[in-house]
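Some notes on the structure that comes next.
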Amino acid sequence: MAAEIDQKYGVSTRLIESGGGVFEVCADGDLIFSKKELDRFPEHAEIFEALDAKQT
């Protein structure tokens, strides 16, 4: 997913390692997805939709 984000948006992504099954996606300091809150991994499309919405 990180490579797809890099390619589509021309940004550099980074992985921040964590424990306990945490998987979160942030953009410009804003949380756009949290596995901990939703108890599931995201679909790629929903991450891209959230990033697109953030750009507008």
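A short reminder: the numbers here are calculations on the coordinates, not readings from a lab. Everything numeric here is computed off the predicted structure, so don't read it as measured data. Cβ coordinates were reconstructed from backbone atoms using ideal geometry, including for glycine residues, and neighbour counts include every protein chain displayed.
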inquiry  = Out of the trypsin sites (Lys or Arg not before Pro) in the chain, which ones are loop residues according to DSSP with at most 15 other C-beta atoms within 10 Å?
reply    = Arg14, Arg40
remark   = Residues whose built amide H sits under 5 Å from the amide H of Ile32, excluding neighbours closer than 5 in sequence, are Val25, Cys26, Ala27
key: Zone residues, the stretch 34-56, relative to Phe23, backbone N less than 17 Å from point 7 Å out along Cα-to-Cβ   = 34-51
query = Taking the chain, which GluC sites (Glu not before Pro) meet the DSSP loop condition and have no more than 13 other C-beta atoms within 10 Å?
reply = Glu17, Glu43
